[in-house]
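Asks: One structure is given below, represented as structure tokens, and several questions about it will come after.
Coordinate-derived values only; no laboratory data. Keep in mind that what you see is a predicted model, and the values were worked out from it rather than measured. Neighbour counts are summed over all protein chains in view; Cβ atoms, including those assigned to glycine, are modelled from backbone coordinates with ideal geometry.
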């Protein structure tokens with residue numbers, strides 16, 4: 001008899017228990033962010049920092065997001081985490097009163113990127 005599971009790991013992402021996978025992804029993304037502290041603290045152009053952020057931190061954070069079952073609470077949690085990490089990468093302290101629109105600039109919001117990946121996956125099924 002095959003044992004029924006509520007969750008399982010598939011290609012280093014947890015399937016079916018989205019909260020668990022999101023928390024793991026947050027931890028891994030935070031490690032990636034901290035590993036690049038010298039870059040974030042440098043005088044590098046902010047647009048270049050954003051490109052590094054997307055390539056390293058964001059890719060780790062939203063890896064496997066196509067299979068996540070997102071609630072509004074989880075979406076807000078993920079969005080807040082992403083925004084805090086982006087602020088850290090750009091050396092913008094919360095007290096600087098920089099709006100999210102100024103912070104993100106042309107960078108799409110994380111929930112839009114997740115939606116785009118889901119649509120891309122659905123187009124291939």
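Asks: Summing -39500 (n - 2.57) over the DSSP H runs of n ≥ 4 in the chain and dividing by its residue number, what mean residue ellipticity at 222 nm do you reach, to the nearest 500 deg cm²/dmol? Show your work: numbers first, answer last.
Replies: Details: 6 runs with 67 residues, N = 125.
Using -39500 (n - 2.57) per qualifying helix, the result is -16500 deg cm²/dmol.
Asks: Relative contact order (percent) for the chain, with alpha-carbon contacts under 8 angstrom and 6 or more residues of separation?
Replies: Numbers: 92 pairs, mean separation 34.2, N = 125.
RCO, the chain: 27 percent.
Asks: So how long is each side of the chain along the principal axes, counting just the alpha-carbon atoms, biggest first, in Å?
Replies: Largest first, the chain extends 60, 28, 26 Å along its Cα principal axes.
Asks: Can you give the extra length, in nm with one decimal, that the chain gains between residue 27 and residue 75 once fully stretched, where that is 0.36 nm per residue apart less the Cα-Cα distance?
Replies: Working it through step by step, the gained length comes to 15.6 nm.
Asks: Using Cα atoms only, what is the angle between the long axis of helix 72-89 and the major principal axis of the chain, expressed in degrees (0 to 90) to the nearest 10?
Replies: Its long axis makes an angle of about 40 degrees.
Asks: Of the candidates 70, 85, 112, which one comes out as most mobile in a Gaussian network treatment of the chain with C-alpha springs shorter than 10 Å?
Replies: Between 70, 85, 112, it is 112 that shows the largest mean-square fluctuation.
Asks: While we're looking at this one, here's another question. By how many degrees, 0 to 90 and rounded to 10, does the Cα axis of helix 18-35 deviate from the longest principal axis of the chain?
Replies: 30 degrees
Asks: Based only on other Cβ atoms within 10 Å, what is the fewest-to-most ordering of 68, 94, 40? Before the final figure, lay out the partial values.
Replies: Working: 68 24, 94 10, 40 18.
Ranking 68, 94, 40 by Cβ neighbours within 10 Å, fewest first, gives 94, 40, 68.
Asks: Quick one: order 102, 58, 3 by neighbouring beta-carbon count within 10 Å, fewest to most.
Replies: On the way: 102 10, 58 22, 3 4.
Ordered from fewest to most neighbouring Cβ atoms within 10 Å, 102, 58, 3 come out as 3, 102, 58.
Asks: What angle, in degrees between 0 and 90 and rounded to the nearest 10, separates the Cα long axis of helix 110-122 from the longest principal axis of the Cα atoms of the chain?
Replies: 40 degrees
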